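See structure below.
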Amino acid sequence: MKILITNDDGIHAKGLMALVHVMKRYGELTIVAPKRAQSGMSMAVTMGYKPIAVKHFGKKIGEDWWYLDGTPASCIKFGIDNVLFPERPDLVVSGVNHGSNAATASIYSGTIGAAMEGAVNGIPAIGVSLDSFRDDADFSCVTDLLPGILDKLLPQLDHRFGVFYNINFPDLPTDRVHGVRPGRMGYGHWEREYQDYGDFLRQRGHTPSEEDCRYVSHLEPDEQLYVMAGDFTDNPGNPADADHVLLRQGYVVITPQNIDNTDRTELDRLCAII
């Protein structure tokens, strides 16, 4: 099986290494990952005739490594159109993301956007995430449990156009995980999303300096710096099998999703009145 792998945390991310460790037992891997972190890009693509830097690191047994200075979805496009062409991957897998992509987080996620790009191309696709943003996150739960999930899931993949799978792991030791549950996308939103950058740093015991703002190419007079760091808040009416609810309870959650976001109920209503 030919497997195309990417992530949204960048080519050197610990989660990507954990995913490669798991997936190499299932087939021949082609890794095309972003040169730098590309979180929150969803299905954005690097376009507009902008030059895109690409580097081929070379091959080792069962692995072919590349990076592309673009979004995760662009990495999948490049892998399909350039690296593997005229052949096609049998499976796209994205992750392991640093942080949960349950509930409405999946709408924004570059990890899930890459899986969606696979689905757009008619290729079975899976996004994998761990509910931890820590630099020292422990991915052993994923490496321990993901093979058992894939052993059941891969032979039974739904090959309908547009289907992909969003798998979220709790930030727990393997022996404290309660099990694996199918779930549906939960409902939630973020509040207090944009905070003054200096206040944000001071709240974390850090005195802001010029070095903290080095990524801003040019700060105009009277411009202020903010950071996106909001608090996730549940919406009312989440069902018991909402993915983020199950994740908080200590389950690994598999959420089947689809790129076709037509509201069927509303379509039927419109057909009856128009």
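PRO239 - would you say it is under 28 Å from ALA103 (Cα atoms) and loosely packed, with under 14 Cβ neighbours inside 10 Å? Spelling it out, PRO239 is indeed under 28 Å from ALA103 (Cα atoms) and loosely packed, with under 14 Cβ neighbours inside 10 Å. If the condition is being more than 27 Å from LEU150 (Cα to Cα) and in a strand (DSSP E or B), then the stretch 67-100 contributes only LEU68.
Is it the case that ASP64 is in contact with a Leu (Cβ under 9 Å, 6 or more places away or on another chain), crowded, with 16+ Cβ neighbours inside 10 Å, in the same structural domain as GLY118 (by TED's automatic domain parsing) and not in a loop (DSSP other than H, G, I, E, B)? Taking the combined requirement at face value, the residue satisfies it. Of the candidates ASP260, ASP243, the single residue that is over 18 Å from the mean Cα position of the chain (by Cα) and either closer than 30 Å to HIS159 by Cα or of a type outside the set (Gly, Ala, Ser) (or both) is ASP260. Restricting the stretch 35-61 to residues that are surrounded by 15 or more Cβ atoms within 10 Å (Cβ to Cβ) and of a type in the set (Ser, Thr, Tyr) leaves a set whose member that is farthest from ILE107 (Cα to Cα) is THR46.
Every residue, every condition in (1) out of contact with any His (no Cβ under 7 Å at 6 or more places or on another chain); (2) outside any strand (DSSP E or B); (3) modelled with pLDDT of 95 or more; (4) not assigned by TED's automatic domain parsing to the domain that holds GLY127, yes or no:
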| residue | (1), (2), (3), (4) |
| --- | --- |
| ARG160 | yes, yes, no, no |
| ASP171 | yes, yes, yes, no |
| HIS206 | yes, yes, no, yes |
| TYR215 | yes, yes, no, yes |
| GLN224 | yes, yes, no, yes |
| VAL245 | yes, yes, yes, no |
| ILE254 | yes, no, yes, no |
| ASP260 | yes, yes, yes, no |
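The values are calculated or read from the model by the stated rules, or taken from the named source; none is laboratory data. It should be emphasised that the depicted structure is a prediction, and the values quoted were computed from it without experimental measurement. Glycine gets a Cβ as well: all are built from the backbone with ideal geometry, and neighbour counts include every protein chain shown.
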